[in-house]
Amino acid sequence: MDVERLLLELSAMDSNNFIGSLGLGEREGRVACPLVRRRHFGLAHGIGRSGDVAAVQPKAAGSSLLVKLANALVLDAVRGCGVRRAASALVLPVATGMAVTMALLTLRAARPAARYVVWPRIDQKACFKAILTAGLEPLVVPLRQSSSGPGQLASSADDIEAASTDKNFAVPVGGSIVFSTSPEAVRSVAQMYPGRASASPVVDIFATLLYQGAAGLAAARAQRKAVHAHLLRALTAWAERHGEAVISAPRNPISIAVTLGAICGGGAAEGAEGATKRATLFGSVLFARGVSGCRVVAPGATKSIGPVRFLGWGAQCDDFPCPYFTAAAAVGLREEDVDAFVSKLDVAVRDYQRLVRRERAQPAASERPAAEEAAVAAGGAPQAVAAALVTEASS
């Protein structure tokens, strides 16, 4: 059956779309703009009821059925991706950070005396802010570099796992899924949500999984693995050409890190501060060339989140020895995208080196006239300089 037709049939089961229906309440699925109505397939009631995002809503039978079907499809997808012990899954109309917050609030309700979350340092703001938003205190465990990862201890604990829908299933940002080996744990998360919720993330994941099917989802996963291998080969060759190296991380099947010490090292005279400045500039040049999502990690960067200040932000530790960049072989990336990216890396290195030579040729700030110094200060941000260079190179 055509996916759009199915969504319209589900929509026809909601009371706001009944012929002759009279809604005397404040929330009756009214939509003023025809474009908005078409965008949502007439599914205007939302999902859930006050106090349970997965509850059936009597005047929105179609939307309620949509939720049940979407949750079943997601559970099947999670199992198909390797989490075979998953017993229940739930689509949440919030992005992953808020899903983690809801999971923590659920655990906190079960253990009111609990105050702390043990958090191995991973430099990602959303998960750390999720802990603070839940009113809990993070205990940061510093990480250290090691050639072998720590052992894993399997237990029978019923975890709640959260995952984004956009990263894993290629849908617009706005939704997430939670799943667990315990149906009761997932039910508790659903009951933690206050009020009704938007049906849009549910529609997105429902339509996408129907469009792909189990075979399409498996093919997307297989393609991602193949692209990761291609990206690793391409970046290894690129690094060898430029005197850099791929940072070994055999347990990371998605992201690849490449050093920038030879390209962006500040040199003995400039030290770590110079390396940080150079790495930031290189990231700006990449962005100006249309490359997004490629993170450049600069040594010495700091970040404060709530009461905690992190040194070496982005590197997961205080004192990583050199700058580097990362690239991810995410779902949907193609081999031709990888080839284009590596070509732009070469161009970025050339443009970056031109910028550095130009900067070093300029007199020091103390030697420049006041008017010239003011002009440099006004337009000397790395992003502005990189954008100007791209414009110059293109003309």
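The values are calculated or read from the model by the stated rules, or taken from the named source; none is laboratory data. Since this is a predicted model, take the numbers as computed values, not measurements. No Cβ is skipped: glycine too gets one built from the backbone with ideal geometry, and neighbour counts run over all protein chains shown.
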Quiz prompt | Test: L66 is hydrophobic (A, V, I, L, M, F, W, C) and more than 25 Å from the chain's Cα centre (by Cα) | solution = yes
Restricted to the stretch 305-323 and to residues being out of contact with any Leu (no Cβ under 8 Å at 6 or more places or on another chain) and in a loop (DSSP other than H, G, I, E, B), the residue surrounded by the most Cβ atoms within 10 Å (Cβ to Cβ) is A315
* Hey, G293 part of a loop (DSSP other than H, G, I, E, B), at positive phi and crowded, with 17+ Cβ neighbours inside 10 Å or not -> no
The one condition T259 fails out of (1) closer than 30 Å to E137 by Cα; (2) in contact with a Phe, Trp or Tyr (Cβ under 6 Å, 6 or more places away or on another chain); (3) among the polar types (S, T, N, Q) is (1)
Quick count over the stretch 335-355, residues being surrounded by 13 or more Cβ atoms within 10 Å (Cβ to Cβ) and of a type in the set (K, R), is 2
When restricted to A237, A249, A226, the only residue among the hydrophobic types (A, V, I, L, M, F, W, C), more than 30 Å from A44 (Cβ to Cβ), within 22 Å of the chain's Cα centre (by Cα) and at pLDDT 95 or above is A226
Residue hits (the stretch 61-90; of a type outside the set (K, R), without any contact (Cβ under 8 Å) to a residue 40 or more places away in the chain and surrounded by fewer than 15 Cβ atoms within 10 Å (Cβ to Cβ)) are A72, G82
Query raised in the report: Mind checking whether some residue in the stretch 38-60 is surrounded by 15 or more Cβ atoms within 10 Å (Cβ to Cβ) and assigned to a helix (DSSP H, G or I)?
Result: no
